[in-house]
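K.L.:
One structure coming up, written as structure tokens, with questions to follow.
Derivation of every value follows stated rules applied to the coordinates shown; laboratory data play no part. Because the structure is predicted, anything quoted here is derived from the model rather than measured. Note: ideal-geometry Cβ built from the backbone for every residue, glycine included; neighbour counts use all protein chains shown.
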Amino acid sequence: MDIGTRLFRTALLGLAGNRAARAFSERYGMKLGASRFVAGETMDDALQQAKKLNDAGIAVTLDFLGESISSLDEAKTSELGYLDLLQAIDREAIKGNVSLKPTQFGLALDPAYCQESIRSVVREASRLGIFVRLDMEDSPWTDATIRMVRTLHQEGLTNVGTVIQAYLYRSGQDVKELTREKMNLRLVKGAYKEPASIAFPSKKEVDNNMRRLIRARLDSKVYTAIATHDESMIRWVKSYTKSHRIPRSAFEFQMLYGIRTPLQESLAREGYTVRSYVPFGQSWYPYFVRRLAERPANVGFIAKSLFKR
Ligand code: FDA
């Protein structure tokens, strides 16, 4: 990554956490171009998109957006929103599960409340036979997120799992321990701004670590979601699993809603399990800015689409 791109990415990720910019943008609505990455502001919008994806052979994981909240009332709203969402997935026979962010359930405000609230969602999901993924946020929350899924797992709630970010130095050890515990993991490269003291600064090192983590998980055959749009990595996974006789039932590919859709469809046609991460809700701003930061060319794309309106 050249220095200009790196600076641009850092500035965008700084904006993701800016409260004033967030309030302004979310009031302004989806017109900023967020609809390319966000299924809509309501659950019905998301269910409609989920059905379309299911029709194309693609499973979904639904994310009711909202992170870094400032009161436990907001955490309660998230919990109720997810409980509604689980009922809707069941009622509408959606081929899908849910992803949630621990800070949306109050992790930064009251960790015990957060754990209890997530427990109630995971219990209800277990009753309905639905899996719950705790997304991984920035590094202040890594330990607490892993601790929460571990606790729930040990309580017998095996329908829960989390995410490991290849950019963190610690991830090799986390994968080793969580694989021993048969935890369902999603592997990603990592989307937040982290210092070089804890995260690989270069893309090449992150990619190399991602491959190491993928290999460790595939060899273990503990169910793994490989979440990337990186075509060369996807090709490598296809050839590694073929040559090592790793069954397709041991892993799935995941991609984000609105990104590389033809690739999602072609993998599904080839018979791989593919899951699209479908976010919805009014609190779409931080999610949207992280997508811009991943690929600065998106900013140009969004700007062009604004002028076309
Ligand atoms: P990479 O960044 O190398 O991109 C490969 C190619 O994919 C690019 O060249 C481009 O063509 C395309 N691409 C990638 N991002 C794009 C974008 N935003 N817009 C358009 N094209 C794009 N992170 C995290 O920290 N915690 C989490 O819980 C999750 N959860 C998660 C779920 C799912 C299903 C996915 C796919 C990703 C995440 N992530 C995440 C995000 C992840 O960490 C990472 O930031 C993005 O996936 C981008 O990295 P790639 O692996 O796609 O590779």
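K.L.:
For a quick protection proxy, order the peptides 60-66, 251-257, 70-76, 213-219 by their average other-Cβ count within 10 Å, most packed first.
P.N.:
60-66, 251-257, 213-219, 70-76
K.L.:
Looking at the chain, send over the antiparallel percent of its DSSP beta bridges, to the nearest 5.
P.N.:
About 5 percent, rounded to the nearest 5.
K.L.:
Separate question: Could you tell me what a quarter of the Cα convex hull surface of region 39-283 works out to, in nm² with one decimal place?
P.N.:
Mean shadow area of the hull around the Cα atoms is 12.3 nm².
K.L.:
Work out how much length residue 270 to residue 299 would gain on full extension: take 0.36 nm times their residue separation and subtract the Cα-Cα distance, in nm to one decimal.
P.N.:
So the extension gain works out to 7.2 nm.
K.L.:
Show the residues, 5+ positions off or on another chain, whose built amide H is closer than 5 Å to the amide H of residue 97.
P.N.:
Hits under the 5 Å cutoff: 60, 61, 62.
K.L.:
Skipping prolines and chain starts, which residues have an amide H placed within reach, meaning under 5 Å, of the one on residue 252, given they are 5 or more residues away or on another chain?
P.N.:
224, 225, 226
K.L.:
Gain in length, residue 196 to residue 238, computed as 0.36 nm per residue apart minus the alpha-carbon separation, to one decimal in nm?
P.N.:
That works out to 12.0 nm of additional length.
K.L.:
Using θ = phi - 60° and the Karplus form 6.51 cos²θ - 1.76 cosθ + 1.60, what ³J(HN,Hα) does each residue of region 129-139 get, whole Hz, x for Gly and Pro?
P.N.:
For region 129-139, the Karplus-derived couplings read x, 10, 8, 10, 9, 8, 4, 9, 9, 6, 4 Hz, x marking Gly and Pro.
K.L.:
Tell me the mean residue ellipticity at 222 nm calculated for the chain from its helices only (DSSP H runs of n ≥ 4, each -39500 (n - 2.57), averaged over every residue, nearest 500).
P.N.:
Dividing the helical sum by the residues of the chain leaves -16500 deg cm²/dmol.
K.L.:
Under unit Cβ charges (Lys, Arg +1; Asp, Glu -1), what dipole magnitude, rounded to 20 debye, does the chain have relative to its Cα centre?
P.N.:
Roughly 1200 debye for the chain.
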